[in-house]
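Below: the structure, in structure tokens.
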Amino acid sequence: MKRKDLADYQHFHSAAIYGTGGKHFPYVLPHILSIKADSLIDYGAGRSEIAVWIAKKAGMKRVARFDPAVPGIDKIPEEKFDIVTSFDVLEHIPEEELDDVLREMSSVGKHALFVIDIAPAKAILSDGRNAHVCLHEEAWWQQRLIQFFPDIRPLLLGVCFLREAPERAIGSDRRAGKWGLTYESEGIIFKTRAGDYLMHE
């Protein structure tokens, strides 16, 4: 698979510039727990151990991390997992490479959960482009993702399970609404900037 910006990300990760955290852990964990997955692969994991933390908390039997820019996890496993996660990754993929990446992701995960940043990045690539080379609004992402994940839908953010709420919710701790335990096959969480999230029911 062609990866136009691979060298930049190899540099970023080798210098530990980013890709080492797990800030999404408390927000995505409830959604993952609700599908009772036994296995997980984190696609574009960087140096983060969030997949390991999730798997431990959820009692999963198998967990894998994949990132073509990080030695040691740069080969994607051949087996399939119950869920594929992707945290702040897809916005870094050039649009002409996106379908190949999504096709690969759908081939290794039965369910999927994405966190997608829809605001410019602080990081700049070596050719001067913003690191978020695939910057689009929520509706565009939904239409692109649905081709590979037919049941994709936006998720409301929270430290509990899915809920009924107004059409838009901004923030990381909205507690209004009716909580539920339902979860469809795939979900998206959109980030507007570091620390803030934008979701639609």
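The values are calculated or read from the model by the stated rules, or taken from the named source; none is laboratory data. From a predicted model like this one, the values you see are computed outputs, not experimental measurements. As a convention, Cβ positions derive from the backbone with ideal geometry for all residues, glycine included, and neighbour counts pool all protein chains shown.
Taking the residues in the stretch 106-122 that are at pLDDT 85 or above and more than 20 Å from residue 140 (Cα to Cα) as candidates, determine which candidate is surrounded by the fewest Cβ atoms within 10 Å (Cβ to Cβ).
107
Testing residue 63 on (1) out of contact with any Leu (no Cβ under 7 Å at 6 or more places or on another chain); (2) modelled with pLDDT of 90 or more, one condition comes back false. Which one is that?
Every listed condition holds for residue 63 apart from (1).
Quick grid of which residues meet (1) at pLDDT 50 or above; (2) surrounded by 21 or more Cβ atoms within 10 Å (Cβ to Cβ); (3) out of contact with any Ser or Thr (no Cβ under 9 Å at 6 or more places or on another chain); (4) aliphatic (A, V, I, L, M):
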| residue | (1), (2), (3), (4) |
| --- | --- |
| 168 | no, no, yes, no |
| 176 | no, no, yes, yes |
| 186 | yes, yes, yes, no |
| 195 | no, no, no, no |
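For the stretch 143-159, name all the residues that are under 16 Å from the mean Cα position of the chain (by Cα) and farther than 24 Å from residue 54 by Cβ.
Listed by number, the residues that qualify are 144, 146.
Hey, among the residues in the stretch 83-105 that are in a strand (DSSP E or B) and within 16 Å of residue 46 (Cα to Cα), which one's farthest from the chain's Cα centre (by Cα)?
The selected residue is 84.
Give me a count of the residues in the stretch 143-166 that are touching a strand residue (DSSP E or B) at 6+ places or on another chain (Cβ under 7 Å), outside any loop (DSSP other than H, G, I, E, B) and modelled with pLDDT of 85 or more.
The first filter runs over the stretch 143-166 and keeps only residues touching a strand residue (DSSP E or B) at 6+ places or on another chain (Cβ under 7 Å), leaving 145, 149, 151-157, 160-161, 163-164.
Among the residues that remain, those that are also outside any loop (DSSP other than H, G, I, E, B) are: 145, 154, 163-164.
Next, from what is left, pick out any that are modelled with pLDDT of 85 or more: 145.
Total satisfying the criteria: 1.
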